Every structure is written in structure tokens, then in C-alpha cells.
Amino acid sequence: MQALAQWLAGTPVSQGIQRELWLIPLLQSVHILAIAMVLSSVTMIDLRILGVGRSQTMVQTARRFVPWLWTGLVFLAATGAALIVGEPKRSLPNAAFQLKMALLALAIALTLAFQLSLRRNTKFWEEKRSGRTVTVVLAIATFLLWCAVAVAGRWIAYMATT
Amino acid sequence: MQPVTELLSRLEATPLAVFISESDWAFPAIEAAHVIALALVIGTIAIVDLRLLGVASAHRPYTELSRQVLPCTWVAFVVAAITGTLMFISHPVNYFENTAFRIKILLLLLAGVNMLVFQLVTSRDVAQWDRAARTPVAGKIAAMLSLVFWIAVVFFGRRIGFTMLPA
């Protein structure tokens with residue numbers, strides 16, 4: 001990781017990002033706006049799983065917010081990649097960054113599993129049976145997991161050695 | 001300006017402020033909570049703004065959508081305000097003198113005024129367009145202004161961290 005970070009930091013693209021002092025705060029701001037898209041979409045879907053907003057079906061809610069979740073993730077990946085290229089030594093060898101990537105992989109896996117399950121077992125998700133512990137726990141866990149990704153992300157700045 | 005600075009200095013000397021600025025984890029933890037809260041504030045406001053603009057959720061009655069979404073906005077706003085205040089008191093003099101911080105506060109006030117005008121004036125005849133995908137022009141303008149103000153709040157908020165004098 002150190003060697004990769006060293007090499008990346010020497011590339012012309014990285015040098016360019018480092019030279020433009022306004023670019024990193026700008027990328028971080030767009031990154032935060034994309035976090036808003038993802039976290040709010042996740043919250044709306046999770047609240048529906050908890051039974052808030054029953055005027056919309058589970059499928060309608062997913063159709064409304066899942067595309068925004070993925071769009072937000074694309075923006076996060078693009079701005080995140082640019083931030084890594086700009087300051088590779090700040091992120092790649094950073095324990096907070098590595099934890100963030102692991103948590104992110106888990107969160108994406110859960111999102112895909114939810115989409116697949118909703119398609120295959122639509123009835124299960126649409127039923128109004130109250131107190132379905134599994135789905136309630138899953139909804140709260142996914143929300144906390146996405147929050148943990150954000151916390152680990154902010155912590156990169158405080159674990160960075162360069 | 002003198003009395004303000006003196007008040008801020010006294011605020012900076014309170015035990016809570018000293019703890020936040022000296023602890024290794026307190027400031028990052030508060031800042032992380034602030035990011036999550038503000039993401040929810042802006043994201044949920046955008047859901048309502050996009051409905052007013054007819055971009056998303058256009059088929060849902062405006063009042064039904066806002067009654068479901070805006071309570072989340074307010075809970076998140078309270079968390080963002082508390083965490084923001086805690087960060088502010090850790091270095092109140094530096095924040096107060098920071099231009100990006102001042103612009104951000106001004107933008108927050110503008111967003112608040114825009115919201116008040118919409119609530120008190122524009123949405124009075126909501127019954128007439130509640131179920132319509134097309135909303136009045138005043139509603140569209142309020143939604144555009146809201147998005148612009150909140151996006152600018154994020155940009156200037158992030159700028160604070162890059163322009164603060166070393167404490």
C-alpha cells in the first residue's frame with residue numbers, strides 16, 4: 001500500500017490535484033452532497049421497512065429511492081477516487097480508510113441482497129405483519145452500517161500521517 | 001466587536017470547550033455526527049424540493065410526502081445544530097473570525113427565511129395543487145433557492161476546515 005501510494009503521488013494527475021488548492025475542498029463538498037443522497041435514500045427505505053409511510057408500497061418506495069442510492073454511490077466513488085489520487089498517502093495506508101472500504105463492501109452487499117430479496121419475495125416485504133424482528137433489525141443495522149462508513153471516512157483525516 | 005470577543009474567550013475557557021479541544025476523539029466524533037446529521041437534513045429537504053420541482057415523487061400528494069419526510073429533517077437539524085454548536089465552542093474566537101464560517105451562517109439564515117416565506121405565504125393554497133404534479137411558480141422558486149442555499153452551506157462548511165487559523 002505504501003509503495004502504491006508513493007507511486008500514485010508521483011503521477012502527473014496527482015501532482016495536478018495537489019497544485020489546485022481549491023480542488024480538494026470542492027471534491028470533499030461534492031462527496032458530502034453524495035453522502036446526503038445515499039444516507040437519505042437509505043433512511044427512507046429503512047423507515048418504510050419499519051412501517052413509516054405505508055401509503056407507498058415497499059416496491060414503490062424502493063423504486064423511488066434505490067436509483068438515487070446508486071447514483072449517490074457513483075458520485076461518491078468518482079470523487080473518492082479523485083481524492084485518493086490527489087492524496088494517496090493520506091488514504092491508502094490509513095487504517096480508517098481500510099476499515100471504511102470493508103464496511104462499504106458490507107453495506108453494498110446488504111443493499112444488493114435487499115434488492116434481490118424484494119424482487120423474489122415481494123409478498124414477504126409487502127405484508128403488514130407487525131413485529132417482524134428480522135426486518136426491523138436489518139433496517140436498523142443497515143442504517144447504522146452506512147453511518148459507520150461515514151464515521152470511518154471522517155476519521156481518515158485524523159489518522160493520516162502525511 | 002470587543003465585548004463579543006471577550007464573551008467568546010470566556011466560552012472557550014468553559015470545561016466543556018476545553019475538553020472538546022483537548023480530547024483526541026471528541027472533536028472528530030462530534031464532526032462525524034455533524035456530517036451524518038447534515039447529510040440527512042439536506043437529503044430530506046431535497047426530497048421535498050424535488051417534489052416541488054416535479055423531478056421526483058411527482059405523483060405523491062405534497063402534504064403527504066412532506067408530513068412523512070420533514071420530521072426526519074427536524075430531528076437531523078437538531079442534531080446538526082447541537083454538534084455544530086459543540087464544534088464552535090471549542091474555538092469560538094477563530095470560528096467567529098473565519099469568513100467561510102460567517103458566510104455559512106448567513107446562508108443558513110437565508111435558507112430559514114426562504115422556508116418561512118414558503119410555509120407562511122406560498123403553501124397557503126396548497127389544497128389547490130397538493131395532488132398536481134405541477135406546482136405554482138413560487139413553489140418552484142422556493143425549491144430552487146432551497147437547493148442552492150443548502151448546497152452552498154455544504155461548500156462553505158467544508159471550506160471552514162481549510163481556512164481556520166491553527167488554534
Taking the stretch A:128-143 and keeping only residues that are surrounded by 11 or more Cβ atoms within 10 Å (Cβ to Cβ) and not small (Gly, Ala, Ser), one is left with A:Arg132, A:Thr135, A:Val136, A:Leu138, A:Ile140, A:Thr142, A:Phe143
Name the residue, out of A:Leu21, A:Leu33, that is part of a helix (DSSP H, G or I), of a type outside the set (Ser, Thr, Tyr) and within 12 Å of chain B (Cβ to nearest Cβ). A:Leu33
Every residue from the stretch B:17-35 that is without any contact (Cβ under 8 Å) to a residue 12 or more places away in the chain and either facing chain A (nearest Cβ under 9 Å) or at positive phi (or both): B:Asp24, B:Trp25, B:Pro28, B:Ala29, B:Ala32, B:Val35
Just for the stretch A:46-86: of the residues that are part of a helix (DSSP H, G or I) and small (Gly, Ala, Ser), which one is farthest from A:Leu26 (Cα to Cα)? A:Ala62
Within the group A:Lys123, A:Lys128, which residue is part of a helix (DSSP H, G or I) and over 22 Å from the mean Cα position of the chain (by Cα)? A:Lys123
Only one of (1) under 19 Å from B:Leu70 (Cβ atoms); (2) touching a helix residue (DSSP H, G or I) at 6+ places or on another chain (Cβ under 8 Å); (3) open to solvent by less than 80 Å² (accessible area, probe 1.4 Å); (4) part of a helix (DSSP H, G or I) does not apply to B:Lys104, and that is (1)
Scanning the stretch B:134-166 for residues that are outside any helix (DSSP H, G or I) and open to solvent by less than 80 Å² (accessible area, probe 1.4 Å), which turns out farthest from the other protein chains (Cβ to nearest Cβ)? B:Pro136
Over the stretch B:60-81, the set of residues more than 9 Å from chain A (Cβ to nearest Cβ) and either of a type in the set (Lys, Arg) or part of a loop (DSSP other than H, G, I, E, B) (or both) is B:Arg67
Determine whether B:Leu7 is open to solvent by 50 Å² or more (accessible area, probe 1.4 Å), more than 9 Å from chain A (Cβ to nearest Cβ), farther than 23 Å from A:Ser29 by Cα and in contact with a helix residue (DSSP H, G or I) (Cβ under 6 Å, 6 or more places away or on another chain). no
Please state which of the following conditions A:Leu73 fails to meet, knowing it meets all the rest: (1) of a type in the set (A, V, I, L, M); (2) open to solvent by 40 Å² or more (accessible area, probe 1.4 Å); (3) more than 20 Å from A:Asn121 (Cα to Cα). (2)
Return only the number of the condition from (1) within 14 Å of chain A (Cβ to nearest Cβ); (2) over 15 Å from the mean Cα position of the chain (by Cα); (3) not in a loop (DSSP other than H, G, I, E, B) that B:Arg131 does not satisfy. (3)
Tally, over the stretch A:66-99, of residues that are among the β-branched types (Val, Ile, Thr) and either over 30 Å from B:Leu65 (Cα atoms) or over 19 Å from the mean Cα position of the chain (by Cα) (or both): 3
Looking at A:Phe75, is it closer than 17 Å to A:Ala152 by Cβ, more than 12 Å from every other protein chain (Cβ to nearest Cβ) and among the aromatic types (Phe, Trp, Tyr)? no
For the stretch A:14-65, what are the residues that are under 20 Å from A:Phe114 (Cβ atoms), open to solvent by less than 30 Å² (accessible area, probe 1.4 Å) and either at pLDDT below 90 or over 18 Å from the mean Cα position of the chain (by Cα) (or both)? A:Arg48, A:Ile49, A:Gly51, A:Gly53, A:Gln56, A:Met58, A:Thr61
Given (1) closer than 18 Å to A:Leu50 by Cα; (2) in a helix (DSSP H, G or I), index of the condition A:Lys89 fails: (1)
Is it the case that the stretch A:77-98 has a residue that's β-branched (Val, Ile, Thr), under 26 Å from B:Ala76 (Cα atoms) and open to solvent by 60 Å² or more (accessible area, probe 1.4 Å)? no
With respect to A:Gly153, determine if the residue is within 14 Å of another protein chain (Cβ to nearest Cβ) and either of a type in the set (A, V, I, L, M) or under 20 Å from the mean Cα position of the chain (by Cα) (or both). yes
Given the options B:Leu110, B:Leu50, B:Leu86, B:Leu120, name the one that is open to solvent by 60 Å² or more (accessible area, probe 1.4 Å), more than 9 Å from every other protein chain (Cβ to nearest Cβ) and modelled with pLDDT of 95 or more. B:Leu110
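The values are calculated or read from the model by the stated rules, or taken from the named source; none is laboratory data. This structure is a prediction, so every number in the text was calculated from the model and none was measured. Neighbour counts run over all protein chains shown; Cβ positions are idealised from the backbone, glycine included. Ligands, DNA and RNA are excluded from the accessible area calculation, which covers all protein heavy atoms including side chains. Shrake-Rupley method; radii C 1.70, N 1.55, O 1.52, S 1.80 Å.
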